[in-house]
Amino acid sequence: MATVEMKVPILIAVSPIAPVLPARAEPWVVQTPQPAPLLVQGIVDHIEEARLKTVAFIGFSDAFGDLMYNSLVQSAAGADIKVAAN
């Protein structure tokens with residue numbers, strides 16, 4: 001019997017992961033920390049409160065860095081904040 005049929009978690013992520021695509025969405029993928037877009041939104045809210053309009057991203061060139069950068073670009077666009085450099 002498959003784990004999905006048994007309703008057993010297939011993946012328990014203890015670090016932020018990229019969102020699961022809707023076409024492949026499984027109810028048994030569990031992420032314990034807050035998702036990266038939620039984490040970055042708090043930073044963007046702080047940037048907005050400080051009335052800044054331009055930011056640069058300094059991070060690692062790996063999957064987590066890409067996840068954080070893409071979340072920043074998405075959140076910043078909604079707040080009319082320019083991401084000047086990566």
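Considering only segment 51-86, state which residues are among the charged types (D, E, K, R), over 15 Å from Gln41 (Cβ atoms) and open to solvent by 80 Å² or more (accessible area, probe 1.4 Å). Arg51, Lys53, Asp66, Lys82 - these are the residues of segment 51-86 that are among the charged types (D, E, K, R), over 15 Å from Gln41 (Cβ atoms) and open to solvent by 80 Å² or more (accessible area, probe 1.4 Å). Filtered by the rule that a residue be touching a Gly at 6+ places or on another chain (Cβ under 8 Å) and at pLDDT below 95, segment 44-85 gives Gly59, Gly65, Met68. A search for C-beta distances below 6 Å between a residue of segment 22-43 that is modelled with pLDDT of 70 or more and surrounded by 11 or more Cβ atoms within 10 Å (Cβ to Cβ) and any residue that is among the aliphatic types (A, V, I, L, M) and part of a helix (DSSP H, G or I), counting only pairs 6+ apart in sequence or on different chains, returns Ala36/Leu67; Ala36/Met68; Val40/Leu72.
The values are calculated or read from the model by the stated rules, or taken from the named source; none is laboratory data. Since the structure is predicted, the reported quantities are computational estimates derived from the model, not experimental observations. All Cβ positions, even for glycine, are placed from backbone atoms using ideal geometry, and neighbour counts span all protein chains on display. Note: accessible area is taken over every heavy atom of the protein model, side chains too, but ligands, DNA and RNA are not part of it. Shrake-Rupley method; radii C 1.70, N 1.55, O 1.52, S 1.80 Å.
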